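The values are calculated or read from the model by the stated rules, or taken from the named source; none is laboratory data. Values in this document were obtained by computation on a predicted structure and should not be read as measured data. No Cβ is skipped: glycine too gets one built from the backbone with ideal geometry, and neighbour counts run over all protein chains shown.
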């Protein structure tokens, strides 16, 4: 399985390297938020720890993982339409490796994009401990593998992008708004703050923000880590089962 995973990872990585436009445009939206929205927060009372960059950039990292990984299943749909998946099914390659190889590529791609985003943030004024940034990258990597796993499973179950896109958009937009990606949920009305506690991405955003200000022992990072591990376990278990059934 490890050898098969390496083969699939290498194939997917070569596809990604050849598709430079997808890498650039995948980073474009959070970069625009960073450049045009970040300066507006400098003099706002954000009701949290850290300056405006330490509030905004961790949220944008999670947003990058949320949107990039959730749409990863588009690639599976295209490969199904061109018969690539069918040709892979008649080989002895591990069905689990077909998923894991893609997940590793997605995590690596997202980490590279996250590094670029943070470097631009540093140029604009972000100051954060190296350990805190590394912890943030770890959270983003786990989030990428979790959401991409579900996205691939959904891509294996639907037959066209027209079926896939509405499902992803219907989940992504409320998740982004309720997780406090752009502004802390402490600024929201009480009822909206309560609702946001049922969105797991909120805990990841809070954890990355705590890491970016160097607060590793306050409990926020630990809670976020617990939610991230639980989300990864559920997502990858469900994704693997659906992927195997669809690929049987």
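Among the residues of the stretch 187-201, is any at negative phi, buried (at least 22 other Cβ atoms within 10 Å of the Cβ), part of a helix (DSSP H, G or I) and touching a residue at least 24 places away in the same chain (Cβ under 8 Å)? Within the stretch 187-201, one or more residues are at negative phi, buried (at least 22 other Cβ atoms within 10 Å of the Cβ), part of a helix (DSSP H, G or I) and touching a residue at least 24 places away in the same chain (Cβ under 8 Å). If residue 171 satisfies every condition in (1) surrounded by fewer than 16 Cβ atoms within 10 Å (Cβ to Cβ); (2) part of a loop (DSSP other than H, G, I, E, B) but one, which is the exception? Of the numbered conditions (1) surrounded by fewer than 16 Cβ atoms within 10 Å (Cβ to Cβ); (2) part of a loop (DSSP other than H, G, I, E, B), the odd one out for residue 171 is (2). Go through (1) in contact with a helix residue (DSSP H, G or I) (Cβ under 8 Å, 6 or more places away or on another chain); (2) part of a helix (DSSP H, G or I); (3) over 16 Å from residue 65 (Cβ atoms) for residue 235 and report which single condition fails. Status for residue 235: all satisfied but (3). Screening the candidates 103, 111, 117 for the property of being under 15 Å from the mean Cα position of the chain (by Cα), modelled with pLDDT of 80 or more, part of a helix (DSSP H, G or I) and more than 14 Å from residue 141 (Cα to Cα) yields one hit, 117. Report whether or not residue 207 is modelled with pLDDT of 90 or more, farther than 27 Å from residue 37 by Cα, assigned to a helix (DSSP H, G or I) and under 16 Å from the mean Cα position of the chain (by Cα). For residue 207, the condition - modelled with pLDDT of 90 or more, farther than 27 Å from residue 37 by Cα, assigned to a helix (DSSP H, G or I) and under 16 Å from the mean Cα position of the chain (by Cα) - is not met. When residue 41 is tested against (1) surrounded by 17 or more Cβ atoms within 10 Å (Cβ to Cβ); (2) modelled with pLDDT under 80; (3) in contact with a helix residue (DSSP H, G or I) (Cβ under 6 Å, 6 or more places away or on another chain), just one condition goes unmet, and that condition is (1).
No other residue among 50, 73 is at pLDDT below 80, touching a helix residue (DSSP H, G or I) at 6+ places or on another chain (Cβ under 7 Å) and surrounded by 19 or more Cβ atoms within 10 Å (Cβ to Cβ) apart from 50.
For the stretch 174-185, which positions are touching a helix residue (DSSP H, G or I) at 6+ places or on another chain (Cβ under 7 Å) and either in contact (Cβ under 8 Å) with a residue 40 or more places away in the chain or not in a helix (DSSP H, G or I) (or both)? Spell out the reasoning first.
Of the stretch 174-185, the ones touching a helix residue (DSSP H, G or I) at 6+ places or on another chain (Cβ under 7 Å) are 175-176, 178-182, 184-185.
Within the stretch 174-185, 175, 176, 179, 180, 181, 182, 184 meet the criteria.
Evaluating residue 93 against the criteria (1) crowded, with 16+ Cβ neighbours inside 10 Å; (2) part of a helix (DSSP H, G or I) leaves one unmet condition, (2).
Restricting the stretch 120-162 to residues that are outside any helix (DSSP H, G or I) and crowded, with 20+ Cβ neighbours inside 10 Å leaves a set whose member that is modelled with the lowest pLDDT is 126.
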